[in-house]
Amino acid sequence: MDFDDPAFNAAQMLRFVNEDAYLKWMYTDLLKKGHASETALEVLFNANVLGDSGMTREYELYAKKGGKNNANGI
């Protein structure tokens, strides 16, 4: 199954991070190490979303303002 990798969007990735315990933990750790917020989000995106069809599908749920529930039409 082929799929296109999504483009990085800081606001979308932040919504994803805020709903995922692992990503939130990693994001907090990167911030503690002195990384800027957008840099930390992009690192997490590149390491966890790109190339992973499951994470890509989950990330895409946060494309619309309001997060996952809004993306599902709820």
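Within a Cβ distance under 10 Å of Thr56, other residues only, what is the Lys/Arg minus Asp/Glu net charge?
Working: positive: Arg57; negative: Asp4, Asp5, Asp52, Glu58, Glu60.
Taking every other residue near Thr56 into account, the sum is -4.
With the convex hull built on the Cα atoms of region 1-44, state its orientation-averaged projected area in nm².
Working: hull surface 14.0 nm².
Mean projected area of the Cα convex hull: 3.5 nm².
What's the extension gain from Asp5 to Lys32 if we count 0.36 nm per residue and subtract their Cα-Cα distance?
Here the answer is 6.8 nm.
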Notebook entry, point to check: When all C-alpha to C-alpha distances in region 17-67 are sorted into bins of 10 Å, what percent of pairs does each bin hold, rounded to whole numbers?
Noted result: 25, 55, 20
Checklist line | Distance between modelled label sites at Val43 and Tyr22, nm, 7 Å Cα→Cβ extension | finding: 1.7 nm
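We did not get these values from a lab; they are worked out from the coordinates using the rules stated. Nothing here was measured: the structure is a model prediction, and the numbers come from that model. Cβ: placed from backbone, ideal geometry, glycine included. Neighbour counts: every protein chain shown.
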